[in-house]
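Below is one structure, written out as structure tokens, with a few remarks after it.
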Amino acid sequence: MPRSPDRPGNLESARRNRPLTYAINRLVVVIAYAVIVGLLLSAVAQAFAVGLEVGLRSLAAAALPPIILAYSSFFSRSVKPPSRVLEVNLFGMALLWILVLLILVDFVSGQFSHTLPLGEFLISLTLGGLFYFGKRLSSKSLLSCSYGILAGFLIHILIFGLWSF
């Protein structure tokens, strides 16, 4: 049954009735993507600053997940996400994932001094996952993930500071 334009769950209705909330939510999604892209670019740039070989390995690690996700999305069109996903679960999972990811990136870069580009791989995997699932999940689910990403990023900054990257 098609949604009526007056239902509160409709995106057009939210855009018309609460334009500020709609704009803030869109801004959160854009900022979440920007945070992940910024982390990835920063990690690759730092690796190139160490040396050409380290930089190329880092770039390869960053390029691998989008290639795999693009391939899998092209050849597995029959895979469908669940019809109803609890947005609270997505928020919590995204928050924990980003927090663990950033702690792991700090640990790996500190212990292995750029010999293992695991951080770049996982950050790129996260970005690829956002794009992959962003088209398959509802706007509420994507928004929950975006808020979780920002919350995890801010918690990491609160605990470890900004300059730990």
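Highest mean first, how do 116-128, 34-46 rank when packing is the count of other Cβ atoms within 10 Å averaged over residues?
116-128, 34-46
How would you order 19-25, 92-98 from highest to lowest mean count of nearby Cβ atoms within 10 Å?
92-98, 19-25
Bear in mind these aren't lab numbers, they're just calculated from the coordinates by the rules spelled out. Keep in mind it's a predicted model, so treat the numbers as computed, not measured. Using ideal geometry, Cβ is built from the backbone for each residue, glycine included, and neighbour counts are taken over all protein chains shown.
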